[in-house]
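Asker: Please read through the structure below; I'll follow up with questions.
The values are calculated or read from the model by the stated rules, or taken from the named source; none is laboratory data. Predicted model only: the values in this text are computed from it and were never measured. Methodologically, a virtual Cβ is constructed for each residue, glycine included, from the backbone with ideal geometry; neighbour enumeration extends over all protein chains shown.
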2 protein chains.
Amino acid sequence: MATKEFTLQCPLPISDYPTVTLAHGGGGKLMHQLLEKMILPAFDSPLADSRHDGAVFEIGDARLAFTTDSYVVKPLFFPGGDIGSLAVNGTVNDLAMCGAHPMYLSCGFILEEGLPMDTLWRVVQSLKRNAEIAGVQLVTGDTKVVDKGSGDQIFINTAGIGILDHGLRIGPKQVRAGDAIILSGDIGRHGVAIMATREGLEFETAIESDCAPVHRPVRRLMDAGIPVRCLRDLTRGGLGTTLIEIAETSGYQIQIEEAKIAVRQDVAGACEMLGFDPLYLANEGRFVAFVGADQVDHALELLHSEEVSANAAVIGVVTDQHKGRVVMKSRLGTTRIIDMLSGEQLPRIC
Amino acid sequence: MATKEFTLQCPLPISDYPTVTLAHGGGGKLMHQLLEKMILPAFDSPLADSRHDGAVFEIGDARLAFTTDSYVVKPLFFPGGDIGSLAVNGTVNDLAMCGAHPMYLSCGFILEEGLPMDTLWRVVQSLKRNAEIAGVQLVTGDTKVVDKGSGDQIFINTAGIGILDHGLRIGPKQVRAGDAIILSGDIGRHGVAIMATREGLEFETAIESDCAPVHRPVRRLMDAGIPVRCLRDLTRGGLGTTLIEIAETSGYQIQIEEAKIAVRQDVAGACEMLGFDPLYLANEGRFVAFVGADQVDHALELLHSEEVSANAAVIGVVTDQHKGRVVMKSRLGTTRIIDMLSGEQLPRIC
C-alpha cells in the first residue's frame, strides 16, 4: 500500500516528530532538519541550497536570481509595517542577498472567507506602495479563497526575479579566514514590534519594525566592484542562527563581539523584560556582509551612504581556529559559543 | 485616520460585499471584479493582465514567462492526483499557455501545526515525481508553519519561469474572426474527481482527475511554427468561463457546438446526478488553442502525437457577429448564450 511504503521511507525520525510543530517553521534546528532531510532531496537540483536565500542560474546571456517566501505574519499590521511591506521587502531582500538587482515579483493571496474587504484593500495598497519604493514590478498573481477557519485572514506568497550584472559568486562557501563581518544596523526591532503588538504591550517609545528594502546598499557594493563573499539577511532565527549557518557551511569559525552589535536601548529593555535574546530575534531590514579585510573601509563608506545601512559596522572576523563554530566575546570579556535554537522564539513572525 | 481613508477609497461596492466570500476565489464574475477593481490596479505594470496566465518580458537576449499559483485543494489526495501534482502541473501549464517552455519552479509551503509528517512526505514525493515527469527543476523554496486552526494541513504556492524561443505574441487580443477553436480533450474530470472524493461518492468506474502537464503538445505547436493566437488552460471556471474571458478580451464572438465537446459518459452521468454543468467544471490537463483556419489540420496532427492531447478536436469558431459573446449550439440544434457564473460550483478545487 502506497501510504505504508511512504512511511517506511520517510527519512525524519517520525517517532520523535510524527507531526509538524511550530518549531519546524522557526528557522532553528528543527526547521533545518526538516528541510535537509525531507524537502531538499525532492529539490533534486544543484541550484537548490537550504543555506542560501535563492537560486542563481543563467538564461541566454543573463544571470538571474529566483527566490520565494510565504508570509503568514500575525498580526497583519504592526508598528513599522504590515504583511504587504514584508511580502515585498522580504523577497526583494532575498534577491539582494544573492547579489541580484530585484526586478519582478509575483504575488499569490490565500484569503480566508469572511476577511473584511477593507483589510484586503489596505494590504493591497501596502503592496503597491512598497513595490514602488523598492522599484520592483508586481507582474503576475493569483487569488485563492479558503473557507472560514481554514486560514487566518491573509497569507501572501511572493516570488521574485532579479538580475546579476556581475560575475561574483556570493554565498557561505566563498567565506575565507580573515574576512570581516559587517552588520548593516541595529538588530531585534522587528521581533519586538510583532511581539509587543501581539501581546498588547506598550513601551515608553514605540518600537517599530526595521522592515525595509536593502537592495540599494547591496547594489552600491556590487557597482563599486567590492568582492563581497557572502550576504545574508537576518530574518527568522536572527543574527545568531544566520552566523551559525554560514560558519557550518563555510567550515570556518566566526568570532563576534557583543559590544559591537547595535541593539537599541528600548529593544534591549523589552528583551530583558520578556526573556528574549536579541541575537535570535527576527529582523526585516538588516543583513551581514562578509568582505576581505582590505575591502572593509571602502565597503563601510558605501554602506554609510544609504539610509538603511547608515550605521553599518564591523562586528567580527572569520578565523580558521575551529570548524563551523560561532563564538562571541561578551561585554565582560568572557567568550561563549553561540548555538542554534531548536525552535523559535516567536511563531508567525513573518 | 488611515483606516477610514482607505475605506473611502476602496473601489469595490463594499456595501454589497463587505467581506471576502468563497465566490471571490471561484473564477467567476466576483473573482474578476475583485481582481480588476482592487488587485490589478496595484499591479501597476503593463505586464500584469488578469486575462492571461502569466507575464512575459525580456531579460538580456532571453524572452521569459513568469507565473504563480497557490494550491489549497481539499482533499489533499484524490483519484488521479494530489496537491503536489497540481502544484507542479498547474504552474507548468500556466507557463505553457504563455507559449513558454517551463524551466524552473519555486515552492512555498504553508503547513498547519499538527500535520502528520507522513502526509508531508507523500506530498513532497509527489512534487519531486511530477517535477521529474514535467522536466522542470524545483530550485528554491520556503516553509512556514501556522498554529493549529489557522491553516488546513498544507497550502502550496509555486511560481515558475519559462523560456519563449519564438517571437509569437500569444493571448486573447491576438484572436481573429475565422480562427478555429481546438479543445485538447474531454472535460470535467478534475472537478468530478474532487467532488466525488469530498462527498464520499462512488461511481461504477473511478473518475480520475485529468491532472497532467500540457507543455509538450504546446511545444510541438511552437517548434512547428504554427502561429497560435491564444492558449488557455481550463482550470477554475472551466471551458465556459475561459471562452467568455477570451471573447470579452478579444471583442469577437465565439461559437461552439455542444456535440463536439467531449465529456466522458461517467462524468456526464455524475454531473447530471449532482446538478453540475461540465462546461464550468475545473480541468487540470486541458486547454484550448486558437489557430487560423488554414493551420487547423497541421495543429491537430501535432496535438494528436502527444498522449495528453491525443483526442484534441475543433469545437468551434470565432466570428465577428457579436462582440464579446459566447454562443453554443446544443445537441438539439438550439442556440444559447453562455454566461459567466457569479461564483463557483466547487470551492477549493485547486
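Asker: I'm trying to understand the selection: among the residues of the range A:283-318, which are among the hydrophobic types (A, V, I, L, M, F, W, C) and assigned to a strand (DSSP E or B)?
Answerer: Applying the first criterion (among the hydrophobic types (A, V, I, L, M, F, W, C)) to the range A:283-318 yields A:287-291, A:293, A:296, A:299-300, A:302-303, A:308, A:310, A:312-315, A:317-318.
Selection gives A:Phe287, A:Val288, A:Ala289, A:Phe290, A:Val291, A:Ala313, A:Val314, A:Ile315, A:Val317, A:Val318.
Quick grid of which residues meet (1) more than 23 Å from A:Phe155 (Cα to Cα); (2) at pLDDT below 85:
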site	(1), (2)
B:Glu5	yes, yes
B:Gly27	no, yes
B:Lys37	no, no
B:Ala55	no, no
B:Gly60	yes, no
B:Arg63	yes, no
B:Thr67	no, no
B:Asp94	no, no
B:Ser106	no, no
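Asker: Next question, about the same structure. So for the range B:321-337 (the condition being within 27 Å of B:Met222 (Cβ to Cβ) and surrounded by fewer than 18 Cβ atoms within 10 Å (Cβ to Cβ)), does at least one residue qualify?
Answerer: Step one: of the range B:321-337, the residues within 27 Å of B:Met222 (Cβ to Cβ) are B:326.
Add one more test, that the residue is surrounded by fewer than 18 Cβ atoms within 10 Å (Cβ to Cβ), and what stays is none.
Taking every residue of the range B:321-337 in turn, none turns out to be within 27 Å of B:Met222 (Cβ to Cβ) and surrounded by fewer than 18 Cβ atoms within 10 Å (Cβ to Cβ).
Asker: Tell me yes or no: at least one residue of the range B:201-214 is of a type in the set (Phe, Trp, Tyr) and within 14 Å of chain A (Cβ to nearest Cβ). Explain how you work it out, then say what you get.
Answerer: Quick first cut of the range B:201-214, residues of a type in the set (Phe, Trp, Tyr) only: B:203.
Next, from what is left, pick out any that are within 14 Å of chain A (Cβ to nearest Cβ): none.
Checked against the condition, which is being of a type in the set (Phe, Trp, Tyr) and within 14 Å of chain A (Cβ to nearest Cβ), the range B:201-214 yields no hits at all.
Asker: Separate question: From the set of residues in the range A:31-50 that are among the polar types (S, T, N, Q) and part of a loop (DSSP other than H, G, I, E, B), which is farthest from A:Arg348 (Cα to Cα)?
Answerer: Going residue by residue through the range A:31-50, those that are among the polar types (S, T, N, Q) are A:33, A:45, A:50.
Filter again for part of a loop (DSSP other than H, G, I, E, B), leaving A:45, A:50.
Numbers: A:Ser45: 29, A:Ser50: 20 Å.
It comes out as A:Ser45.
Asker: A further question follows. Among (1) under 28 Å from B:Met103 (Cβ atoms); (2) under 22 Å from the mean Cα position of the chain (by Cα), there is one condition A:Ala62 misses while meeting the rest; what is its number?
Answerer: A:Ala62 satisfies every listed condition except (2).
Asker: I'd like to verify a number: residues in the range A:16-30 that are at the interface with chain B (Cβ under 7 Å from one of its Cβ atoms) and assigned to a loop (DSSP other than H, G, I, E, B), how many? Before you say what the answer is, go through the steps one by one.
Answerer: Residues of the range A:16-30 at the interface with chain B (Cβ under 7 Å from one of its Cβ atoms): A:17-22, A:24-25.
Still in the list and also assigned to a loop (DSSP other than H, G, I, E, B): A:17-18, A:20-21.
Residues meeting the conditions: 4.
Asker: Restrict the check to the range A:84-98 and report whether at least one residue is assigned to a loop (DSSP other than H, G, I, E, B), more than 28 Å from B:Pro347 (Cα to Cα), more than 9 Å from every other protein chain (Cβ to nearest Cβ) and of a type in the set (Gly, Ala, Ser).
Answerer: Step one: list which residues in the range A:84-98 are assigned to a loop (DSSP other than H, G, I, E, B), which gives A:98.
Filter again for more than 28 Å from B:Pro347 (Cα to Cα), leaving A:98.
Now narrow it down to the ones that are more than 9 Å from every other protein chain (Cβ to nearest Cβ): A:98.
From what is left, the residues that are of a type in the set (Gly, Ala, Ser) are none.
No, because not a single residue in the range A:84-98 is assigned to a loop (DSSP other than H, G, I, E, B), more than 28 Å from B:Pro347 (Cα to Cα), more than 9 Å from every other protein chain (Cβ to nearest Cβ) and of a type in the set (Gly, Ala, Ser).
Asker: A follow-up question, please. How many residues are crowded, with 22+ Cβ neighbours inside 10 Å and either facing chain B (nearest Cβ under 9 Å) or under 24 Å from A:Glu112 (Cα atoms) (or both) when one looks only at the range A:153-183?
Answerer: The total comes to 8.
Asker: A:Glu199 - would you say it is surrounded by fewer than 24 Cβ atoms within 10 Å (Cβ to Cβ), more than 30 Å from A:Ala293 (Cβ to Cβ), touching a Gly at 6+ places or on another chain (Cβ under 7 Å) and not β-branched (Val, Ile, Thr)? Don't jump to the end; show me each part of the working.
Answerer: Numbers: surrounded by fewer than 24 Cβ atoms within 10 Å (Cβ to Cβ): yes; more than 30 Å from A:Ala293 (Cβ to Cβ): yes; touching a Gly at 6+ places or on another chain (Cβ under 7 Å): no; not β-branched (Val, Ile, Thr): yes.
No.
Asker: A further question follows. With respect to A:Tyr71, determine if the residue is hydroxyl-bearing (Ser, Thr, Tyr) and touching a helix residue (DSSP H, G or I) at 6+ places or on another chain (Cβ under 8 Å). Working first, answer last.
Answerer: Details: hydroxyl-bearing (Ser, Thr, Tyr): yes; touching a helix residue (DSSP H, G or I) at 6+ places or on another chain (Cβ under 8 Å): yes.
Answer is yes for this residue.
Residue-wise test of (1) touching a residue at least 12 places away in the same chain (Cβ under 8 Å); (2) in contact with a helix residue (DSSP H, G or I) (Cβ under 9 Å, 6 or more places away or on another chain); (3) among the small types (Gly, Ala, Ser).
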| residue | (1), (2), (3) |
| --- | --- |
| B:Ile256 | yes, yes, no |
| B:Val267 | yes, yes, no |
| B:Ala270 | yes, yes, yes |
| B:Thr319 | yes, no, no |
| B:Leu346 | yes, yes, no |
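Asker: Could you please give the count of residues in the range B:51-62 that are more than 8 Å from chain A (Cβ to nearest Cβ) and either surrounded by fewer than 21 Cβ atoms within 10 Å (Cβ to Cβ) or assigned to a loop (DSSP other than H, G, I, E, B) (or both)? Before you say what the answer is, go through the steps one by one.
Answerer: Start the filter on the range B:51-62 by keeping residues that are more than 8 Å from chain A (Cβ to nearest Cβ), which leaves B:51-53, B:56, B:58.
Adding the requirement that they be either surrounded by fewer than 21 Cβ atoms within 10 Å (Cβ to Cβ) or assigned to a loop (DSSP other than H, G, I, E, B) (or both) leaves B:51-53, B:58.
Matching residues across the range B:51-62 total 4.
Asker: Something else about it: Can you tell me which residue within the range B:104-145, out of those that are buried (at least 24 other Cβ atoms within 10 Å of the Cβ), in contact with a Lys or Arg (Cβ under 9 Å, 6 or more places away or on another chain) and within 26 Å of A:Lys148 (Cα to Cα), is farthest from the other protein chains (Cβ to nearest Cβ)?
Answerer: If we take residues in the range B:104-145 being buried (at least 24 other Cβ atoms within 10 Å of the Cβ), in contact with a Lys or Arg (Cβ under 9 Å, 6 or more places away or on another chain) and within 26 Å of A:Lys148 (Cα to Cα), then B:Phe109 is farthest from the other protein chains (Cβ to nearest Cβ).
Asker: So, of the residues in the range B:41-50 that are within 20 Å of B:Lys173 (Cα to Cα) and surrounded by 18 or more Cβ atoms within 10 Å (Cβ to Cβ), which turns out to be farthest from the other protein chains (Cβ to nearest Cβ)?
Answerer: Here the residue is B:Asp49.
Asker: Residue pairs, Cβ under 6 Å, 6 or more apart or interchain, first in the range B:130-149 and under 19 Å from B:Val88 (Cα atoms), second part of a loop (DSSP other than H, G, I, E, B) and not aliphatic (A, V, I, L, M). List them.
Answerer: Pairs found: B:Ala134/B:Pro213; B:Gln137/A:Ser45; B:Leu138/A:Phe43; B:Val139/A:Ser45; B:Thr140/A:Gly54.
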